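Written out below as C-alpha cells is the structure these notes cover.
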Amino acid sequence: MKIFWNECKKYRSLPLLLFVLSAHFITYMLLTDYDIRMMNQGKSTASSIIVHRELVDTYGPSMTKEDWEDVKRITALYQTKLDAYVQNDVELRQLGVNTFEEWQQLIWEENERGERASALHDDWIFESNESEDFWLWQEYDRLLSFYEGNETYIEQNRHGPGHRDAASPDYYEQLYEQSTIVAQPERIFLIVRNLTTSAVLIVVLVTLLITAPVHYQDRMQRMIPLQYSTTYGRRLPFVKWLASMTVSGILTFIMIVVYAYLMERNGHLYFVDVPIRELISGEIWFDWTIGEWLWMTVVVLFFFTFVSTIVGMWIGTYAKNALQLAGGVILAVIACAAILLPLSITRLFSAWYPPFYTWVQLGSIGLFAIILLGAIVYCEKKKDVVPFE
Amino acid sequence: MRRIVGQEVKKVLSLRIFYIFFIIALLWNGLFLWNNDYVRSDVKRFLQVNEPQVVWTNEMMKERQKMNQQASEPLRKGEMTLVEVYRQALNKGNVIEDEKFLKLLTEEVYWDHFIALHEQRAALQVDEKVEQIVRMYGLTGNAAATLRQHIPALEMRFSKLIAQEAPTHYAPNALFSQHDALFGKLMRAVLMESVLITILITALLTSYEREHRTASVVYSSTVGRKVQIAKWLSSLFVASSTYVGLFLLSIGSYIALYTTPSLWTSYVSSSWNVEGPNLFMTWYPFTFIQYVSVQWGIGLSIIVLVVCLTWAISLYWHQTYIATAAVIAILFLLFIVPAFISKSSSLLIYATYTLSTLIVGTAHWLMMWKGYTLDPHFEWKTLLLSAIMIGIISFYAWRHFKRKDWQEVE
C-alpha cells in the first residue's frame with residue numbers, strides 16, 4: 001500500500017497540474033462551451049428550449065395523442081396572435097398583407113413588394129424584442145409538423161428497413177407504438193450527444209497527458225533496475241498502473257462533477273426523464289431517457305480512462321526518447337479524434353448501425369487494453385535488469 | 001559552428017520517430033487526396049473532358065461580343081433550354097450524339113456561369129458585404145467601426161480587380177470546393193503537420209543536453225552555451241526542410257494529378273470563387289501558381305516563427321515533453337483569446353492577429369473576405385507582430401539561459 005501511495009504521489013507535480021488545467025480549459029472553450037451555453041443562446045434555440053420545458057411541465061416526459069391535439073390548439077392560438085400583429089402594422093397593411101401566412105408567402109416573391117416584406121420580416125424577427133410569439137409559434141409549428149409527418153414516415157418504414165439498413169422492421173414497429181406518447185427532445189439529445197463525444201476526447205487527452213510522462217520519468221532516471229531488485233520487485237508495473245488508474249479516475253470523476261454542475265446550471269438536467277427515442281433524431285437501440293444516456297456516458301468515460309491509462313503506460317514505458325514520448329501521446333490523441341470519435345463515439349448504440357456495432361467496438365477496445373496491460377506486465381517480468389545499465 | 005549544426009541535424013535524422021511522423025503526415029495527405037470525391041472524380045473528369053472548353057471560355061470571357069457570336073443562338077437568347085433542344089431533336093428522330101450533347105451542355109453551363117458572374121458583380125456592394133459580416137458576428141461599437149475602416153481599401157482593390165478583368169477570367173480551380181480542398185484542407189493539413197514536427201524536433205534538440213545529463217560538460221566546453229545557437233540553426237534547417245518536403249510532395253501531387261497547365265496561369269479570384277456567403281477574392285490579382293508560391297512563403301515564415309518560439313520556451317524548461325505541451329497550449333490559447341473579449345471592443349479584432357489564426361485560415365490568406373480579419377495587410381502585420389513578440393521572448397529566454405547555473409540544476 002505504501003508503494004501504491006508513493007506511486008500516486010508522483011502525479012503531485014506543478015507542471016502536470018498545469019497540463020490538466022490548461023487541457024481542460026482549452027478543450028472546454030473549443031469543444032464544450034458551445035453545447036453547455038447553447039441552451040440559452042440565440043432566439044431560435046432559447047425559444048425551442050422554452051417550448052420543450054413547457055411540454056415537459058404541462059404533459060410530463062411523455063405525451064398522448066390528446067396532448068398533441070392540445071399542442072395544435074396552442075399553435076393555432078399563437079397563429080391568431082401573429083395575425084393580430086400583422087393587422088395592426090401600418091406598413092404591412094400598406095403592402096396589402098392581412099394575415100401572417102400571407103406575409104410569410106410574400107417574402108419569397110422576387111419583386112419590390114416582396115423585398116420590402118422580407119426586410120420588414122427580418123427586422124422584426126431579428127432586431128425587435130416583440131417577436132417572441134413568432135419564435136414560440138415557429139417551434140410549436142415545427143414540432144407539430146414533425147409529429148404529423150413522422151406518423152407517415154414511420155408507417156412507410158415499419159414494413160421494411162427503409163434507408164437505414166441496420167434498423168429492422170421491429171424497430172420501427174416499436175417506434176410507431178411509442179411515437180404518439182413521446183415529447184420531442186431532439187435538440188436536447190443532440191446537445192447531450194455532442195457533450196458525450198467531447199467528454200471522451202477530453203478524458204483520453206488528459207489521461208494520456210499525465211500518465212505517459214510519469215512512467216517515462218522512472219525509466220529516464222534509471223530507477224527501474226533498482227525498483228525491480230527490491231522485495232516488491234516485478235509486481236511494481238501493475239501497481240504503477242493501478243496508481244495511474246486511481247489518479248486518472250479521480251480526475252475523471254472531478255470532471256464529471258464539474259460538468260454535471262454546469263449542465264444543471266444551464267438547464268440540461270431539466271430533461272433527464274424525457275425518453276430519447278422519438279421520431280426526429282433519437283434513433284438508438286435502447287428505450288433510454290436523457291438521464292439514462294448520461295449515466296451511460298459516465299460508464300463510457302471511466303471505460304476510456306481505463307483504456308487510456310494503459311496506452312499512456314505503454315507509451316511511457318517503452319518510449320526511447322522524449323520525442324517518442326511526446327510524439328506517441330500526440331499520435332494517440334490524434335487517433336482518438338480522427339478514428340475513435342467519428343467511427344465509434346458518435347455512433348454509440350445508434351439504430352443506423354447493427355445492434356452489435358457498439359458492443360463489438362467497445363469490447364475490442366477493452367480486450368485490446370487488457371491484452372496490452374498483460375503484455376506490459378509480462379514483458380517487465382521477463383526483463384533482465386543488467387542490460388538496463 | 002557548422003560542424004556542430006551538422007551533428008545536431010544528424011541527431012534528428014537518426015531518429016526513427018522523425019521518419020514515422022513524416023510518413024504518417026504524407027499518408028494522411030494522400031488519404032485526403034484519395035478520399036476527396038470532388039477532387040478525385042469531378043474535377044479530374046471535368047478537366048480531362050473539357051480542357052479545350054476551358055481555354056475557349058477563357059478567351060470568350062474577355063470579349064463578350066465574341067461570346068455572343070459563338071454561343072448557340074436559341075440558348076443564348078434564352079428562348080429554349082438545353083433540355084428542350086435535346087427533346088426537340090429526339091422528336092425529329094435525330095439522336096444527338098453524346099459528345100455533341102456534352103458540348104452543348106458545357107456551352108450552356110459556361111454561358112449561365114458567365115451571366116451569373118456579371119449579375120453578381122453588378123449586385124455586389126462592398127459596404128453591404130462588410131455590414132453582413134458585422135451582423136453575422138454580432139459586432140457593435142468600436143469592433144464594428146474597426147471593420148468598417150477597411151471599406152475604402154476594399155472598394156479600391158475591388159474596383160482594381162474588376163478593371164484588371166481578373167474576376168471575369170474563368171478557371172475551374174477557382175470553384176469554391178476546389179479552392180477549399182487545396183488551399184483550405186490540404187494546405188492547412190501540411191502546415192499543421194509541419195508545425196507539429198517543428199515543435200517536437202526543436203524541443204528535443206534544445207532540451208537534449210539537459211535530458212541526457214551532458215549539459216554541464218557541453219556548456220563548459222569552448223563553444224559553451226552558444227551550442228544552443230547551433231541547435232536553433234539545426235532546428236530551423238530540419239523544420240524548413242520538413243515543411244518544404246511535405247509541401248512539395250502533397251501540394252505537388254495535387255497539382256500533378258488534378259490541374260493542367262492552362263489552369264496555372266488562371267486567376268484565383270476568377271469566377272468569384274463563391275459559395276453562399278463565402279467569397280474568395282484575393283487582394284492582388286494572383287494567378288494559381290503565384291498564389292501557391294505565396295502560400296508556401298507565408299507557411300515557411302510561420303514555421304520559422306514556431307521554431308523560435310519553441311526554442312525560447314525550451315531554453316526555460318529544458319524538457320521536451322513540457323516544452324512541446326507548452327507551445328501547443330500557447331497556440332491553442334491564442335486561438336481562444338477572442339472568445340473572452342467584448343463584441344463591442346476593437347481589441348476583439350486585434351486579438352485575431354495571431355499565428356494560430358494564420359495557421360487555421362490557410363484558405364483565406366490574402367483574401368478580401370475573411371470574417372474579423374478584413375485588414376488588407378492582416379498577414380504581414382500578424383507575421384511582423386508575432387516576430388517582434390517571439391523575438392522579445394527569445395531574447396529574455398537566451399539571457400535567462402546564459403545566466404543559469406548548471407551545477408545547481410544538475
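The values are calculated or read from the model by the stated rules, or taken from the named source; none is laboratory data. These numbers were taken from a predicted model, which means no experiment stands behind them. Glycine also receives a Cβ, built like all others from the backbone with ideal geometry; neighbour counts cover every protein chain displayed. Each accessible area value is taken on the protein alone, full model and side chains, heavy atoms only, with ligands, DNA and RNA left out. Shrake-Rupley method; radii C 1.70, N 1.55, O 1.52, S 1.80 Å.
Overview of results
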{"quantity": "Chain A: proportion of alpha-carbon pairs further apart than 33 angstrom, %", "calculated": "49 percent"}
{"quantity": "Over 28 Å (Cα to Cα) - which of A:Lys2/A:Lys383; A:Lys43/B:Lys185; B:Lys226/B:Lys381; A:Lys240/B:Lys10 fall in this group", "calculated": "A:Lys43/B:Lys185; B:Lys226/B:Lys381; A:Lys240/B:Lys10"}
{"quantity": "A:Arg277 long-range amide H proximity, modeled H, under 5 Å", "calculated": "A:Trp288"}
{"quantity": "FRET efficiency for A:Phe4 and B:Thr214, using Cβ-Cβ distance with R0 set to 41 Å, rounded to 0.05", "calculated": "0.75"}
{"quantity": "Largest to smallest accessible area among A:Glu7, A:Glu264 [probe 1.4 Å]", "calculated": "A:Glu264, A:Glu7"}
{"quantity": "With all protein chains modelled, accessible area of A:Lys81 [1.4 Å, Å²]", "calculated": "100 Å²"}
{"quantity": "Residues of the range B:189-255: accessible area per residue with a 1.4 Å probe, Å²", "calculated": "34 Å²"}
{"quantity": "For the range B:291-410: relative contact order, % (alpha-carbon pairs under 8 angstrom, 6 or more apart)", "calculated": "33 percent"}
{"quantity": "Cα gyration tensor, the range B:329-410 - rounded (a/c under 1.5), prolate or oblate", "calculated": "prolate"}
{"quantity": "Percent of Cα-Cα distances greater than 19 Å, calculated over the range A:240-384", "calculated": "63 percent"}
{"quantity": "In the range A:298-379, chymotrypsin sites (Phe, Trp or Tyr not before Pro) in a DSSP loop with at most 15 other beta-carbon atoms within 10 Å", "calculated": "A:Trp352"}
{"quantity": "Probe 1.4 Å, accessible area per residue of the range A:203-302, Å²", "calculated": "42 Å²"}
{"quantity": "25 °C / 0.890 mPa s Stokes-Einstein diffusion coefficient of the range A:1-148, Kirkwood radius on C-alpha pairs, µm²/s", "calculated": "126 µm²/s"}
{"quantity": "Computed label-point distance, nm, for sites B:Leu333 and A:Thr80 using a 7 Å Cα→Cβ extension", "calculated": "5.9 nm"}
{"quantity": "Theoretical FRET efficiency, 1/(1+(r/R0)^6), r = Cβ-Cβ of A:Ser229 and A:Tyr261, R0 45 Å, to 0.05", "calculated": "0.40"}
{"quantity": "Percent accessible area from carbon and sulfur atoms, chain A, protein chains only, probe 1.4 Å", "calculated": "61 percent"}
{"quantity": "Solvent-accessible area of B:Thr214 with every protein chain in place, 1.4 Å probe, in Å² to the nearest 10", "calculated": "50 Å²"}
{"quantity": "The range A:309-322 - phi-based ³J(HN,Hα) in whole Hz, Karplus 6.51/-1.76/1.60, Gly and Pro as x", "calculated": "4, 5, 5, x, 5, 4, 5, x, 6, 10, 5, 7, 8, 5"}
{"quantity": "By average C-beta atoms within 10 angstrom, highest first, the peptides A:133-139, A:221-227, B:391-397", "calculated": "A:133-139, B:391-397, A:221-227"}
{"quantity": "Which of B:Tyr291, A:Tyr259, B:Tyr284 is most accessible, then next, and so on - probe 1.4 Å", "calculated": "B:Tyr284, A:Tyr259, B:Tyr291"}
{"quantity": "Selection from A:Thr346, A:Ile191, A:Leu95, by position along the positive dipole direction of chain A (Cβ)", "calculated": "A:Thr346"}
{"quantity": "The range B:298-410 - percent of accessible surface contributed by carbon and sulfur, probe 1.4 Å", "calculated": "69 percent"}
{"quantity": "Interface area, A with B, accessible, probe 1.4 Å, both sides summed, Å² nearest 100", "calculated": "2100 Å²"}
{"quantity": "3J(HN,Hα) from dihedral phi, the range A:63-73, Karplus parametrisation 6.51/-1.76/1.60, rounded to Hz, x for glycine, proline", "calculated": "10, 9, 4, 5, 4, 5, 4, 5, 4, 4, 5"}
{"quantity": "Theoretical ellipticity at 222 nm over chain A - DSSP helices of four or more residues, -39500 (n - 2.57) apiece, nearest 500", "calculated": "-23000 deg cm²/dmol"}
{"quantity": "For B:Ser344, distant residues with modelled amide H under 5 Å away", "calculated": "B:Thr140"}
{"quantity": "Solvent-accessible surface ranking, highest first, for A:Lys383, B:Lys129 at 1.4 angstrom", "calculated": "A:Lys383, B:Lys129"}
{"quantity": "Average accessible area per residue (Å²) across the range B:304-410 - probe 1.4 Å, nucleic acids and ligands excluded", "calculated": "42 Å²"}
